[in-house]
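Heads up, the thing below is written out as structure tokens.
The values are calculated or read from the model by the stated rules, or taken from the named source; none is laboratory data. Nothing here was measured: the structure is a model prediction, and the numbers come from that model. Heads up, the Cβs are rebuilt from the backbone with ideal geometry, glycines too, and the neighbour counts pull from every protein chain shown. These area figures cover heavy atoms from the full protein model, side chains too; ligands, DNA and RNA do not enter into them. Shrake-Rupley method; radii C 1.70, N 1.55, O 1.52, S 1.80 Å.
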Amino acid sequence: MAIFVVIGSLTVVGPVLFYLVATDRAAGPLSSVKEFMSAHNAVIMMVVLLVLGAKLIGQGIGGLSD
């Protein structure tokens, strides 16, 4: 379980540590990621909500077969 938590936390901890260790070098890449996510916010949200909806529908269909 600890390994799962560490791997899951890398997406958050990695950029934060990158910024803390090398503030000047991190500004460019983090800024470009921010711009990309801002420009594609609608698509990102659509994919997240689509995955959650598919999960809920799958659970509902699975619940019918029990």
- Task: For segment 15-25, indicate whether the set of residues that are in a helix (DSSP H, G or I) and among the small types (Gly, Ala, Ser) is non-empty.
- Result: no
- Could you please find all residues in segment 38-66 being hydroxyl-bearing (Ser, Thr, Tyr) and open to solvent by less than 90 Å² (accessible area, probe 1.4 Å)? SER38
- Message: Cβ-Cβ distance below 6 Å, separation of 6 or more or different chains: which pairs start in segment 3-29 with a residue that is of a type outside the set (D, E, K, R) and end on one that is part of a helix (DSSP H, G or I) and open to solvent by 60 Å² or more (accessible area, probe 1.4 Å)?
- Response: ALA26/PHE18; ALA26/TYR19
- Query: Looking at ALA27, ALA39, which one is modelled with pLDDT of 95 or more and on the phi < 0 side of the Ramachandran plot?
  - Reply: ALA39
